[in-house]
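Worksheet: one structure, shown below.
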């Protein structure tokens, strides 16, 4: 037995050239007034889906569980494609045509809490909103639809990765973004076993990348980020034991026969070295060079993790024609 759930979301941080209407949701511009002033870059999503009934629990418990979960899925999927701040200002829902509101709000605030700023009448600087093309919305629909067909085991496995990716997307500081995106990635490669034995974190990272990155994905990634990959290869980053990982990356990038999957793996290991320095307090927050390390690592990590999560959500890699431009400017 299924029930009809309709959710209306007002989201800040998106500009829209023209309305969109698909099978799962419609999106249109929305006028929001706060403290007598019009808030720019707000859109309204009307999201309509069928959800499984659960007669084993009381109605309010069911509502508290289902409504926040579906709101989270929508916003987290949006963040995977945009990788930029976009925040829920207001929501309302109807279940089988009857208005409902969760008593327990399970949508935890993001690290960068724009909703709180909205309530105080303050907003992010101009120029931080995204302006997605139509195929962005088509892809978002496909991701949500495909994921909702997956098993509960897949949902449980990806819950932490999705939550932390959304947190990373909502941050404006490069260090905070890198921390959140790495935790999201860690949720993907955690518990990797090699020959039925738990191995080191570095081995788990290598195993995950080699097992989940296909040639099309790796080639697209390398071609879309040539300059930043070259910049990354010039940083003085070493791994434990004195392994000169950036020299390995430089050699791969300069090779006449490009091994794209090895480039992807070595890039992630280089970012792992930067992550270690950041996590263990070895970076000087006042050093421009070291801040560039962090910004470059974050910029390179987020699109790769986004595509890996989407691949696990849908059960298949994205088409060759998909491009992931960085819409948000000014963070690097």
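Pairs only if they're at least six apart or on different chains, beta carbon under 6 angstrom, first in the stretch 48-69 and in contact (Cβ under 8 Å) with a residue 40 or more places away in the chain, second assigned to a helix (DSSP H, G or I); list them, first residue then second.
51/66
With respect to residue 105, is the statement that it is out of contact with any strand residue (DSSP E or B) (no Cβ under 9 Å at 6 or more places or on another chain), outside the structural domain of residue 310 (by TED's automatic domain parsing), at pLDDT 95 or above and not in a strand (DSSP E or B) true? Steps first, please.
Details: out of contact with any strand residue (DSSP E or B) (no Cβ under 9 Å at 6 or more places or on another chain): yes; outside the structural domain of residue 310 (by TED's automatic domain parsing): yes; at pLDDT 95 or above: no; not in a strand (DSSP E or B): yes.
It is false that residue 105 is out of contact with any strand residue (DSSP E or B) (no Cβ under 9 Å at 6 or more places or on another chain), outside the structural domain of residue 310 (by TED's automatic domain parsing), at pLDDT 95 or above and not in a strand (DSSP E or B).
The values are calculated or read from the model by the stated rules, or taken from the named source; none is laboratory data. All values reported here derive from a predicted model rather than from experimental measurement. Heads up, the Cβs are rebuilt from the backbone with ideal geometry, glycines too, and the neighbour counts pull from every protein chain shown.
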